[in-house]
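The values are calculated or read from the model by the stated rules, or taken from the named source; none is laboratory data. Quick caveat, the model's predicted, so the values are computed rather than measured. We place every Cβ from the backbone using ideal geometry, glycine too, and count neighbours over all the protein chains shown.
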Amino acid sequence: MKSNYYNTRADKFIEDTVNVDMSSLHQRFDSYLPKGARVLDAGCGSGRDALAFMGMGYSVDAFDASLEMVKYASLLTELPVKQQTFEELKGVGLYDGIWCCASLLHVPRNNLSDVMQNIANVLKVKGVWYLSFKYGDEEREKDGRHFTDLTEDSLGKLVSKLNGVAIMEMWVDVDQRPDNTVQWLNALLCKTEEQ
């Protein structure tokens with residue numbers, strides 16, 4: 001993922017996203033998590049969601065590829081947010097929940113299967129994984145950022161290639177930001193067995 005866009009436009013991106021009300025998505029994710037769950041916010045951006053999960057009583061880890069996002073998220077959450085990519089994620093069965101809100105969409109389509117398997121590896125059996133993509137079939141560059149859009153069918157095909165991961169829920173909704181009509185594909189996945 002090219003993080004230069006977020007390093008040079010961090011202030012504007014944070015201003016546009018940090019106060020967006022994501023509570024309905026947080027509650028949906030929360031309904032599958034055990035009390036005191038360990039959660040990873042992967043591609044955490046401003047730290048908005050990591051902060052919300054901390055407020056829900058979860059033990060939270062977070063990372064982002066952009067150094068400027070890491071700095072801001074660390075200040076907002078007071079967590080030791082790591083600067084790393086999805087490919088650098090290591091470990092097996094560490095998390096009860098993984099949150100990938102509008103972050104995996106920056107991974108090129110031909111790398112998505114490997115990246116998603118890497119993320120699945122750090123999820124515990126019976127763990128839940130939220131992810132979202134802009135809705136569609138395109139793969140494009142915009143303002144120096146790469147976007148991979150997915151539909152229910154293309155996400156289903158990707159998940160079918162993962163070891164021990166199943167789709168629990170999939171739905172389409174509209175962006176939570178005011179005056180934004182972008183449609184999002186959301187999914188909650190479950191780790192059914194160890195690889």
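What the table below lists for this structure:
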item	result
Failed criterion for SER66 (all others in (1) surrounded by 23 or more Cβ atoms within 10 Å (Cβ to Cβ); (2) touching an Asp or Glu at 6+ places or on another chain (Cβ under 7 Å) hold)	(2)
Odd one out for SER46 among (1) buried (at least 16 other Cβ atoms within 10 Å of the Cβ); (2) more than 24 Å from LEU185 (Cβ to Cβ)	(2)
Test: SER74 is among the small types (Gly, Ala, Ser), in a loop (DSSP other than H, G, I, E, B) and surrounded by 15 or more Cβ atoms within 10 Å (Cβ to Cβ)	no
Checklist (1) surrounded by fewer than 20 Cβ atoms within 10 Å (Cβ to Cβ); (2) touching a Lys or Arg at 6+ places or on another chain (Cβ under 8 Å); (3) without any contact (Cβ under 8 Å) to a residue 60 or more places away in the chain; (4) over 29 Å from GLY36 (Cβ atoms) applied to LEU185, failing item	(1)
Test: residue in segment 9-29 that is assigned to a loop (DSSP other than H, G, I, E, B), exposed (fewer than 15 other Cβ atoms within 10 Å of the Cβ) and modelled with pLDDT of 95 or more	no
Residues of segment 49-59 that turn out to be over 21 Å from ASN186 (Cα atoms) and surrounded by 19 or more Cβ atoms within 10 Å (Cβ to Cβ), as a count	1
Number of the condition not met by TRP99 [criteria: (1) over 24 Å from TYR32 (Cβ atoms); (2) buried (at least 17 other Cβ atoms within 10 Å of the Cβ)]	(1)
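Each row is one residue, and each column tells you yes or no for (1) exposed (fewer than 15 other Cβ atoms within 10 Å of the Cβ); (2) of a type in the set (Lys, Arg); (3) at pLDDT below 95.
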residue	(1), (2), (3)
GLU88	yes, no, no
ALA120	no, no, no
SER132	no, no, no
HIS146	no, no, yes
SER154	no, no, no
ASP175	yes, no, yes
PRO178	yes, no, yes
LYS191	no, yes, no
